[in-house]
Amino acid sequence: SAVISQKPSRDICQRGTSLTIQCQVDSQVTMMFWYRQQPGQSLTLIATANQGSEATYESGFVIDKFPISRPNLTFSTLTVSNMSPEDSSIYLCSVSSTYGELFFGEGSRLTVL
Amino acid sequence: GIQVEQSPPDLILQEGANSTLRCNFSDSVNNLQWFHQNPWGQLINLFYIPSGTKQNGRLSATTVATERYSLLYISSSQTTDSGVYFCAVDSPGGSYIPTFGRGTSLIVHP
């Protein structure tokens, strides 16, 4: 199983600012994902982070709002831009093993005031 | 895309009770996982079980792929079992990106 470290674990931000979340994996992985979990809801996939190329975004998510970097096979960042209170959520980094098992980081709990 | 339905949505138990959580899915699957999200928000892998039966301590899971459902059994529940249980699947016709159910929220009272 992969060990995934996310930071920050939580933050309180002001409306209109941006926050970058980092995800570090202890081994090289091909598939890396970013999920959002709004309060009381299930997980929604934001995008697949592709190494060396632009992320693949799901319907309803755009690069200008959620820019993603993935410079190598062990690291990725997600930025939440121009935040509003509606962006208050848990953001989760996830990786998939070669046979499809998902592993998650601890999550980053974001509150926007 | 594939649809995932979990039941019941909410469950309240007394410590020591047993329970069964269900996950129905609308298409054949490559992968199926059960997760426990603890009150701090962390997702913990319980079972990777696209078919068959597995057991881990007080927890066990069974997936009947031909009938498109999976069951998670919790025996002798403890307060630390509280949290939300999610089922996630992906289908052969998809892009190997899992789809999550809405979860079952479990509260275990002492």
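The values are calculated or read from the model by the stated rules, or taken from the named source; none is laboratory data. Treat the numbers as computed from the prediction; the structure is a model and nothing was measured. Using ideal geometry, Cβ is built from the backbone for each residue, glycine included, and neighbour counts are taken over all protein chains shown. Heavy atoms of the whole protein, side chains included, go into the accessibility calculation; ligands, DNA and RNA do not. Shrake-Rupley method; radii C 1.70, N 1.55, O 1.52, S 1.80 Å.
One table, with the values for the structure above:
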{"quantity": "Rg(Cα) / (2.2 N^0.38 Å) computed for the stretch A:4-50, rounded to two decimals", "calculated": "1.33"}
{"quantity": "Heavy-atom surface of chain B, accessible at 1.4 Å and reported per residue (Å²)", "calculated": "48 Å²"}
{"quantity": "Rounded to 5, the percent of DSSP beta bridges in the stretch B:4-109 classed as antiparallel", "calculated": "90 percent"}
{"quantity": "Per-residue HN-Hα couplings for the stretch B:53-62 [Karplus 6.51, -1.76, 1.60; θ = phi - 60°; Hz; x = Gly/Pro]", "calculated": "10, 9, 9, 9, x, 7, 9, 8, 9, 9"}
{"quantity": "For residues of B:42-49, the mean tally of beta carbons on other chains within 10 Å", "calculated": "4"}
{"quantity": "Value of relative contact order over chain B, rounded to a whole percent, pairs C-alpha under 8 Å and six or more apart", "calculated": "38 percent"}
{"quantity": "Relative contact order (%) - criterion: Cα under 8 Å, at least six apart; region: the stretch A:7-47", "calculated": "27 percent"}
{"quantity": "Carbon + sulfur, % of accessible area of the stretch B:4-109 - ligands and nucleic acids excluded, 1.4 Å", "calculated": "49 percent"}
{"quantity": "Candidates per chymotrypsin sites (Phe, Trp or Tyr not before Pro) in the stretch A:1-99, loop by DSSP, up to 13 other Cβ within 10 Å", "calculated": "A:TYR99"}
{"quantity": "In order through the stretch A:63-74: 3J(HN,Hα) via Karplus (6.51 cos²θ - 1.76 cosθ + 1.60), integer Hz, x for Gly, Pro", "calculated": "5, 5, 8, 10, x, 10, 10, 8, x, 8, 7, 10"}
{"quantity": "Where no second cysteine Cβ lies under 4.7 Å, the cysteines concerned in chain A", "calculated": "A:CYS13"}
{"quantity": "Compactness of chain A - radius of gyration and Dmax, Cα, Å", "calculated": "13.1, 41"}
{"quantity": "Solvent-accessible area buried by A and B, counting both chains, probe 1.4 angstrom, square angstrom", "calculated": "1500 Å²"}
{"quantity": "Estimated distance in nm for a label pair at B:HIS109 and B:ARG68, the labels positioned 7 Å out from Cα along Cα-to-Cβ", "calculated": "3.7 nm"}
{"quantity": "Whole-percent carbon and sulfur share, accessible surface of chain A, 1.4 Å", "calculated": "48 percent"}
{"quantity": "10 Å Cβ neighbours from other chains, averaged over peptide B:79-91", "calculated": "1"}
{"quantity": "Solvent-accessible area lost in complex, 30 Å² minimum, residues of the stretch A:91-111 relative to chain alone, 1.4 Å", "calculated": "A:TYR99, A:GLY100, A:GLU101, A:LEU102, A:PHE104, A:GLU106, A:ARG109"}
{"quantity": "Span per principal axis, largest first, for the Cα atoms of chain B (Å)", "calculated": "44, 25, 20"}
{"quantity": "Rg/Rh ratio calculated on Cα atoms of the protein assembly as shown (Kirkwood radius)", "calculated": "0.97"}
{"quantity": "For the stretch B:9-25, 3J(HN,Hα) per residue [Karplus equation, 6.51 cos²θ - 1.76 cosθ + 1.60, θ = phi - 60°, Hz, x = Gly/Pro]", "calculated": "x, 9, 8, 10, 10, 8, 3, x, 7, 9, 8, 10, 10, 10, 10, 9, 9"}
{"quantity": "Convex hull volume per residue in cubic angstrom - Cα atoms of the stretch A:68-113", "calculated": "81 Å³"}
